1. Extension gain E32-S54, at 0.36 nm per residue separation less the Cα-Cα distance, in nm?
2. Can you give the three extents of the C-alpha atoms in the chain along their principal axes, from longest to shortest, in whole Å?
3. Sum up the lysine pairs in the chain that clear both bars: alpha-carbon distance under 17 Å and a spacing of 8 or more or different chains.
4. Hey, what number do you get for the chain at 222 nm if only DSSP H runs of n ≥ 4 count, each worth -39500 (n - 2.57), divided across all residues, to the nearest 500?
5. So for the chain, averaging the separation of alpha carbon pairs under 8 Å that are six or more residues apart and normalising by length, what relative contact order in percent results?
6. Dividing the alpha-carbon Rg of segment 44-86 by 2.2 N^0.38 Å yields what?
7. What does the net charge come to around L98 if you take all other residues with beta carbon closer than 15 Å to its beta carbon, with K and R at +1 and D and E at -1?
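Every number in this text was worked out from the coordinates using simple rules, so none of it is lab data. Bear in mind that the values here come from a model prediction, so they are computed numbers and not experimental data. Every residue, glycine among them, receives a Cβ derived from its backbone with ideal geometry; neighbour counts consider all protein chains shown.
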Amino acid sequence: MSVLDKNKIDGIGKSESDNKVALMIADHLDWENELEHLTLLQDKINAYLSFIESGQIYNVYPDAKSVDGFIIDLRFRYKPTENCNKLLEFFRKSTQDLNIEFELHES
């Protein structure tokens, strides 16, 4: 699974450092076609947010009922562009009330 699989969760588990559920997005794409890549990433993040907000996460991962929040853990193979960082900042601001954090990792 990857950023290309919009309606699939790439990985899910309990955070090691705090009482949160981490949802991983595996992004292996380069930034040659930045607009297409940003669109795919936006669609994937929106699907994850819907998964959380709808409560579907509790059916799939019952341990999520007792957590303090969620982490969307983005795993990039290629360094995110400035526009990607702007998109992620928009998501950070718009999800603060939902106790959703974003963590970025580059390989």
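1. My answer for the length gained is 4.5 nm.
2. Projected onto the principal axes, the Cα atoms of the chain cover 41, 25, 25 Å.
3. 5
4. Only helices count here, giving -11500 deg cm²/dmol.
5. Values: 151 pairs, mean separation 31.2, N = 107.
With pairs under 8 Å counted, the relative contact order is 29 percent.
6. 1.45
7. Local charge sum for L98: -1.
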